[in-house]
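Here's the structure, in structure tokens; my notes come after.
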Amino acid sequence: MTRPLAYCAIAVLSIALAEPSPAHAQATESDAARERVAAWNDRCGTLWAELQPWGTSRLHSPDEAVARGFIAVLAGRGGPVRMAEEYLHSCVPVIDQILKSEVGGQCRQWMRELAQGPGGGVDALLREPEQVLAGLESLDELLRAAEGYLGTCVPQYAAAIDSTGPYSQ
């Protein structure tokens, strides 16, 4: 091998073996956060849908005694107690933490805007961000909402999920 080729081979090898770039690490961290939020959203959305006929609004009471009373009523009626407890412990704390944050109102607004738009809402945005963003390129308001949600709300949700501990799936 000639000397210039050897230097090129060494350079390529050293680049390949180097640690990921900060941008790559940030993208990977962002993808991981988005995936955690998508999984949490799926689970809590499913729990909400299954509990809704039973009156889930009481699980969001600021008074935990009201939520505990609701679970006791569910138990007496043969209702889905385990699901209600999981929702109370895994979903409500995250939702409350987001709503109390500085960005909670904005995140809810972006969620509403995205739900009404053609992009498939937050669920699609979390699963296929590049595809959704590409589809919203000509819709400035929705594109800004999608970018804002990914850049602002997803990290907030991920932090809230991480701070409340694991949930059962």
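The values are calculated or read from the model by the stated rules, or taken from the named source; none is laboratory data. Predicted model, so just to flag it, every value in this text is computed and none were measured. Cβ: placed from backbone, ideal geometry, glycine included. Neighbour counts: every protein chain shown. Ligands, DNA and RNA are excluded from the accessible area calculation, which covers all protein heavy atoms including side chains. Shrake-Rupley method; radii C 1.70, N 1.55, O 1.52, S 1.80 Å.
Is it true that V132 is open to solvent by 50 Å² or more (accessible area, probe 1.4 Å) and either free of Cβ contacts under 8 Å to residues at least 60 places away in the same chain or touching a strand residue (DSSP E or B) at 6+ places or on another chain (Cβ under 8 Å) (or both)? No, not satisfied. Does S163 qualify as being surrounded by fewer than 19 Cβ atoms within 10 Å (Cβ to Cβ), in contact (Cβ under 8 Å) with a residue 12 or more places away in the chain and not hydrophobic (A, V, I, L, M, F, W, C)? Against the criterion (surrounded by fewer than 19 Cβ atoms within 10 Å (Cβ to Cβ), in contact (Cβ under 8 Å) with a residue 12 or more places away in the chain and not hydrophobic (A, V, I, L, M, F, W, C)), S163 qualifies. So which helices (runs of 4 or more DSSP H) are wholly in the stretch 52-162 and hold at least 1 residues that are in contact with a helix residue (DSSP H, G or I) (Cβ under 9 Å, 6 or more places away or on another chain) and aromatic (F, W, Y)? Once the helices (runs of 4 or more DSSP H) in the stretch 52-162 are filtered for at least 1 residues that are in contact with a helix residue (DSSP H, G or I) (Cβ under 9 Å, 6 or more places away or on another chain) and aromatic (F, W, Y), what remains is 64-76, 104-116. Residue under question is A49, and the condition is that it be surrounded by fewer than 17 Cβ atoms within 10 Å (Cβ to Cβ), in contact with a Gly (Cβ under 8 Å, 6 or more places away or on another chain) and either farther than 22 Å from S163 by Cα or of a type in the set (A, V, I, L, M, F, W, C) (or both); does it hold? Criteria not met by A49.
Residue-by-condition table, conditions (1) of a type in the set (V, I, T); (2) at positive phi:
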| position | (1), (2) |
| --- | --- |
| L99 | no, no |
| V103 | yes, no |
| Q109 | no, no |
| G121 | no, yes |
| R144 | no, no |
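For first residues located in the stretch 44-61 and hydroxyl-bearing (S, T, Y), partners that are modelled with pLDDT of 90 or more and lie 6+ apart or on another chain with Cβ distances below 8 Å form the pairs T56/W48; T56/A84; T56/Y87.
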